[in-house]
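The values are calculated or read from the model by the stated rules, or taken from the named source; none is laboratory data. All values derive from a computational prediction rather than experimental measurement. Using ideal geometry, Cβ is built from the backbone for each residue, glycine included, and neighbour counts are taken over all protein chains shown.
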């Protein structure tokens with residue numbers, strides 16, 4: 001029997017972020033005076049600060065990740081409108097309310113509830129985004145003499161008030177500084193905004209400094225891509241975190257260059273070399289430094305020595321030898337079993353590093369053939385204008401065939417999108433489609449490398465893939481971009497198939513569905529059909545609002561439907577979903593029978609159900625509403641949730 005794992009993909013705006021460079025210096029043992037300065041520098045309240053108004057929340061987490069932009073060149077070049085194509089026709093709005101010294105954060109408490117807070121953080125910069133904006137900003141720091149210092153930050157932003165720690169990471173000398181922010185367009189529909197400029201802020205650099213980090217090491221065995229370091233020797237009362245930079249070189253004789261950076265606001269002492277840092281077969285290094293949480297009394301620590309390498313050339317070579325040994329096995333199922341025992345993380349890195357598919361990926365395909373497994377690629381008629389079969393490649397799928405399968409064929413199918421997947425309104429220009437991998441195990445033991453052409457309507461420079469989970473939440477996958485013959489490609493590796501989406505970020509503010517102070521009715525309407533509580537909570541988090549969703553009986557519903565309660569602060573709203581009379585978040589024949597009973601006078605509907613039944617908005621439940629609901633169920637027309 002065939003087993004299928006489905007998922008949907010879409011394209012979304014992404015931003016590459018550059019790191020701030022650091023200057024190393026020595027530190028003396030004066031922790032007592034440092035702690036006294038820290039205590040003396042506190043200005044009214046704890047580090048958590050006060051409550052932030054809901055419309056200006058930055059959903060920034062304790063761990064922030066920034067990506068190095070793809071280096072334009074032979075492999076990738078940002079596309080621009082071709083002759084004859086339309087030019088950008090809308091200018092993005094200029095950022096406002098540029099501010100020094102405040103951080104706006106969104107964190108979860110021990111009960112999993114979202115808490116929105118602000119805090120005074122010397123050197124932190126922030127600004128408010130105006131509509132329209134497109135999730136891409138250029139941030140620069142200047143001296144009062146207009147000299148640019150430090151690095152330029154290309155920042156990914158979805159919140160309407162954004163805090164940024166560019167200055168905190170720059171290790172600048174004492175002096176007066178200002179910063180600028182510019183919203184960047186995609187070069188197709190939107191052009192860049194004007195440049196916004198902040199006021200001057202005078203910074204006095206302290207002498208005290210955090211110590212250097214040591215004890216750097218790579219993991220072993222199945223954790224070979226994990227990295228570790230020793231916590232610095234700092235007494236209680238000193239607040240600090242860590243920054244990690246990853247570097248790469250194709251040859252040990254060449255100087256390694258930066259590929260990505262991650263930093264923590266807390267004293268965590270481990271991380272992982274993620275797929276988005278993979279440049280190719282070669283040598284990967286990392287270094288770490290301690291970050292001060294108050295740069296007015298304590299400077300960042302010096303960078304550690306480089307640790308490395310994670311030798312992906314050697315690992316790839318070793319894996320290739322192992323795969324070639326497996327090729328010598330005669331039993332087809334033994335081949336599958338042996339392949340599934342290999343280290344998935346190392347395999348994923350090696351396959352991504354094989355950018356032209358001529359090394360380990362080629363051997364993987366030989367292994368699939370030796371196991372008697374064929375992989376067919378199919379694209380539905382409605383999707384062929386976006387994805388040509390000739391430009392799609394899949395490697396490793398066949399090695400996830402269930403043991404003992406008589407059917408030795410695996411099918412990779414791209415088709416129309418599945419129903420029930422609701423894309424957050426912060427994304428637009430969506431190219432939705434479903435993908436299905438048939439006759440494989442539900443949990444992939446062997447990574448699958450997928451290479452897809454980027455649809456012509458999407459700027460590859462703004463590409464990210466959203467990986468959805470069962471609860472409606474999602475995480476980002478950052479694909480490796482390449483170009484050949486005028487076609488742009490996105491490559492990524494997966495070890496589980498679920499729902500994915502590709503979209504561009506919507507420059508317009510997401511709909512609040514009436515969750516605002518002006519709503520006197522207490523009714524939320526206009527919601528998409530079939531959304532989960534997790535989807536709605538994530539939607540409002542993007543708007544800076546902390547909400548909870550429950551059914552009328554106090555339980556957590558599977559879908560958000562008529563009568564569900566949405567609580568925000570001290571206010572409670574009720575959901576109105578037109579066509580959903582019974583409140584299960586769907587529109588079906590049960591709702592049709594409810595309207596029919598009401599029209600015939602057999603049943604009296606509650607006030608909210610009566611509103612949900614009034615599909616033509618004439619204030620009554622009548623035969624016209626019955627016909628509209630019937631057409632919706634038959635697929636002839638769709639019930640409009642917005643007026």
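Restricting attention to segment 478-497, the residues that are crowded, with 21+ Cβ neighbours inside 10 Å, out of contact with any helix residue (DSSP H, G or I) (no Cβ under 8 Å at 6 or more places or on another chain) and in contact (Cβ under 8 Å) with a residue 60 or more places away in the chain total 1. Residue count for segment 583-601, restricted to those that are touching a helix residue (DSSP H, G or I) at 6+ places or on another chain (Cβ under 9 Å), surrounded by 17 or more Cβ atoms within 10 Å (Cβ to Cβ) and outside any helix (DSSP H, G or I): 3. Could you list all residues from segment 390-402 that are surrounded by fewer than 18 Cβ atoms within 10 Å (Cβ to Cβ) and more than 20 Å from residue 482 (Cα to Cα)? Once the filter is applied, which keeps residues that are surrounded by fewer than 18 Cβ atoms within 10 Å (Cβ to Cβ) and more than 20 Å from residue 482 (Cα to Cα), segment 390-402 yields only 402. Of the listed requirements (1) out of contact with any helix residue (DSSP H, G or I) (no Cβ under 9 Å at 6 or more places or on another chain); (2) modelled with pLDDT of 90 or more, residue 131 misses just one: (2). Taken together, the residues in segment 549-582 that are outside any loop (DSSP other than H, G, I, E, B) and either on the phi > 0 side of the Ramachandran plot or in contact with a strand residue (DSSP E or B) (Cβ under 9 Å, 6 or more places away or on another chain) (or both) amount to 11.
Counted as qualifying within segment 144-259 are the strands (runs of 3 or more DSSP E) with 2 or more residues that are under 28 Å from residue 299 (Cα atoms) and modelled with pLDDT under 90, namely 148-155, 161-164, 240-249.
Run down 399, 444 and say which single residue is under 26 Å from residue 355 (Cβ atoms), touching a strand residue (DSSP E or B) at 6+ places or on another chain (Cβ under 7 Å) and at pLDDT 90 or above.
Sole residue among the options that is under 26 Å from residue 355 (Cβ atoms), touching a strand residue (DSSP E or B) at 6+ places or on another chain (Cβ under 7 Å) and at pLDDT 90 or above: 399.
A quick yes/no check of all residues on (1) modelled with pLDDT under 95; (2) outside any helix (DSSP H, G or I):
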position	(1), (2)
316	yes, no
325	no, no
333	yes, no
345	yes, no
348	yes, no
352	yes, no
358	yes, yes
363	no, no
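Among the residues of segment 530-548, the one identified as over 26 Å from residue 118 (Cβ atoms) and either at pLDDT 85 or above or touching a strand residue (DSSP E or B) at 6+ places or on another chain (Cβ under 8 Å) (or both) is 533. Number of residues in segment 338-356 that are surrounded by fewer than 17 Cβ atoms within 10 Å (Cβ to Cβ) and closer than 14 Å to residue 398 by Cβ equals 1.
Just one of 394, 379 is under 28 Å from the mean Cα position of the chain (by Cα) and closer than 22 Å to residue 316 by Cα; which is it?
Being under 28 Å from the mean Cα position of the chain (by Cα) and closer than 22 Å to residue 316 by Cα holds for just one of 394, 379, which is 394.
The residue that is surrounded by the fewest Cβ atoms within 10 Å (Cβ to Cβ), among those in segment 260-282 that are outside any loop (DSSP other than H, G, I, E, B) and touching a helix residue (DSSP H, G or I) at 6+ places or on another chain (Cβ under 7 Å), is 275. Please verify whether residue 639 is part of a loop (DSSP other than H, G, I, E, B) and surrounded by 13 or more Cβ atoms within 10 Å (Cβ to Cβ), treating the condition exactly as stated. Against the criterion (part of a loop (DSSP other than H, G, I, E, B) and surrounded by 13 or more Cβ atoms within 10 Å (Cβ to Cβ)), residue 639 qualifies. Filtered by the rule that a residue be surrounded by fewer than 20 Cβ atoms within 10 Å (Cβ to Cβ) and within 32 Å of the chain's Cα centre (by Cα), segment 200-215 gives 212, 214, 215. When the criteria are applied in full, residue 608 fails the requirement of being over 13 Å from residue 581 (Cβ atoms) and assigned to a helix (DSSP H, G or I). When segment 242-255 is limited to residues that are out of contact with any helix residue (DSSP H, G or I) (no Cβ under 8 Å at 6 or more places or on another chain) and crowded, with 20+ Cβ neighbours inside 10 Å, the one that is farthest from residue 215 (Cα to Cα) turns out to be 247.
Just one of the numbered conditions (1) outside the structural domain of residue 481 (by TED's automatic domain parsing); (2) buried (at least 22 other Cβ atoms within 10 Å of the Cβ); (3) in contact with a helix residue (DSSP H, G or I) (Cβ under 7 Å, 6 or more places away or on another chain) is not true of residue 319: (1). Exactly one residue out of 177, 228, 190 is crowded, with 19+ Cβ neighbours inside 10 Å and free of Cβ contacts under 8 Å to residues at least 60 places away in the same chain: that is 177.
The set of residues from segment 99-127 being at pLDDT 85 or above and over 24 Å from residue 297 (Cα atoms) comprises just one member, 127.
Among the conditions (1) touching a helix residue (DSSP H, G or I) at 6+ places or on another chain (Cβ under 9 Å); (2) under 30 Å from residue 229 (Cβ atoms), the only one that residue 366 does not satisfy is (2). From the residues in segment 403-421 that are buried (at least 17 other Cβ atoms within 10 Å of the Cβ) and outside any strand (DSSP E or B), which one is modelled with the highest pLDDT? Step by step, filter segment 403-421, then rank; the result is 405.
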